[in-house]
1. Apply the Karplus parameterisation 6.51 cos²θ - 1.76 cosθ + 1.60, with θ equal to phi minus 60°, to every residue of the range 14-22 and state each ³J(HN,Hα) to the nearest whole Hz, in sequence, with x for glycine and proline.
2. Expressed as an acute angle from 0 to 90° and rounded to the nearest 10, what is the orientation of the C-alpha long axis of helix 331-353 relative to the principal long axis of the chain?
3. How high is the relative contact order of the chain, in percent, with contacts defined as C-alpha pairs under 8 Å that are six or more residues apart?
4. Long-range amide H contacts for Asn268: which residues qualify at under 5 Å (H placed 1.01 Å from N, peptide plane, sequence gap of 5 or more or a different chain)?
5. Run the simple label-point estimate for Val362 and Lys80 please: 7 Å along Cα→C-beta, distance reported in nm.
6. Identify, among Val300, Leu272, His57, the residue whose Cα sits farthest towards the positive end of the charge dipole of the chain, taking +1 on the Cβ of Lys and Arg and -1 on the Cβ of Asp and Glu, with the dipole about the Cα centre.
7. Compare the peptides 371-380, 82-91, 337-346 by average per-residue count of other Cβ atoms within 10 angstrom and give them in order, highest first.
8. Cα to Cα, under 19 Å, and not fewer than 8 places away if on the same chain: which aspartates and glutamates meet these conditions relative to Lys75?
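What follows is calculated from the coordinates using simple rules that are stated; it is not laboratory data. Bear in mind that the values here come from a model prediction, so they are computed numbers and not experimental data. Positions of Cβ are generated from backbone atoms using ideal geometry, with glycine treated the same way; all protein chains shown enter the neighbour counts.
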Amino acid sequence: MYNSTSKTYKMKRKIITFSNKISLDLHKPQRKFFADMTYGILASNSCLLTDITDQLHETNKKVNIVERLANQLSKGIYEKSSKKYLKWVKSITPDYPTIHIDDTDIVKPDGYKFEALGLVRDGSASASAKNVYSKGYHVTEAVALTENGNPISIYSTIHSSAEKEYKSINTHTFSAIETGVSLYGKATFVMDRGYDGNKTFNRLNDLNQDYIIRITKKRKLFYRNKWVTSTELCNRRKGKIKLPLFYRGKEQTAYISHIKSQITASRNHVTLVLVYGITEHPMMLVTNKDIKAKEDVIQVAKKYFSRWRIEEYFRCKKQQFGFENFRVRKLKAINALNFHLTICMSFLAIMAEQSETNCLKVMIMKKANAVRQKVFFTYYRLAKGIKGMLAYAHEGVRRWYKTKRPKYRQQVLKLTA
C-alpha cells in the first residue's frame, strides 16, 4: 500500500518550512507568494507561471492567479529575503569554501517583447559551429560547494549588454567575488579560461583571496627573469604525479606537474599547475595557494575538476526546470523568477545533503524510479521524485496561510422599558 497522503503532506511541510526560513522577515502576503513560487516550481518542474498556477489548485480564475504572481515578480527581489538566504547558505557551507564562478547564456531566438534583449554566444549551437550568436541574456553565477560537494548559489544575476548604463561583464564578475568575500571573508575562487585577465588576477590579489584559474595559450608568465608563454613552460615539463579521477562521466588518469613563476605587471607569485592526459592539450592552471608537497598540487587539480558541478547546475536549471522557457518580459521580473528558482535549487541541495537512510529522501528517490542506482549529481533525480510525490496533492499551500478574520458581530438593539 502506498500511503500517498501522508508522504505528500511530509513533502509539502518540508517545502513550506524551508520557504518560511527565507521569507521570515516579510509580510504575510509576501510569505504566501514565496511559498506559492517554491511549491509551484518544485511541483511542476517548470518556470512557466501557468504551470506553477496549475499546481496551486486555487479556486480563483487561472488568469487572476497568473496576474497576481506576475505582479509580485515585477517588484523584483526583496532585499530582506536575499540577505536571509545568504545567511542560511553560510550556515550549511564550510567556513573556507570553494566558490566556482562561471557564465552561461539564456537564448530567446524568437523573442521580441523581452526587455533589453541583446546578443549572446549560444553555447549549445557553438558546440558544433564556432561562435553562433542569438538573441538572449548573459547569466553570471557563483556557487559554493558544501562538504559533500553539492553546489549552492550565492550570486546569480541575469544581465544584457542592451541595458541602459550597462558597463561590462567584469562588473558582475567582481560583484560575485565581492559577495563571496563579504559572506565568508576568505575563499578559494575557481574559474575557467574565460576569466584569464589581468583585471581578475589583480582584483583577487587586492582582496587577498585564493584562486585557481585556468589560463589560455596566450598568457605570459615571468619565469627566470624573463616573460615566457605558458605553452613554452608547458612543453618543458612532463607530468610526474599520477592522479586517478572521475571527469566528464568516466574514470580517467591525470599526470600533474608544477612550476613556480610570476604573473601580471605586478609580478605576483603564483604556481603553474600542468595537467596532462585529460584533454588533447595539457590544462594550465594558475594558483596563488601555497604548494609545499605533492598533496597540495593534487588538491589544486581536484578543486578545479570539481567545477563540473556548476556546469551540471546550469544544465539542471535549463533542462529539468525549463528556465529558458520563461515568459515574463521585464528584466527585473526575470531576475526575481531566477531568484525563486535558485531557492528551489537550494532545497534540492538540502535533500542531497541528507543521509541515504533519511526517510523522506528514500521516498523521493524511490518515486524518481531511476535506471541507475548511483550517480554523482542527484539534483535531477530529486527534482523528479519531488514532482512525483506532490502529484498526489489536491490543494496547494493556501490553507497554510489562511487569513484569520475576526468573527462578525452584529449589533443588537436592546429595548428598555
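1. So the Karplus estimates, Gly and Pro as x, are 4, 5, 5, 4, 5, 4, 5, 5, 7 Hz.
2. 80 degrees
3. Relative contact order for the chain comes out at 21 percent.
4. Amide H to amide H, under 5 Å and 5 or more residues apart or across chains, Asn268 pairs with Ile263.
5. 4.0 nm
6. So the residue we want is His57.
7. Working: 371-380: 12.4, 82-91: 15.5, 337-346: 22.6.
Packing proxy ranking, top to bottom: 337-346, 82-91, 371-380.
8. Excluding near neighbours in sequence, the set is Asp25, Asp36, Glu67, Glu115, Glu163.
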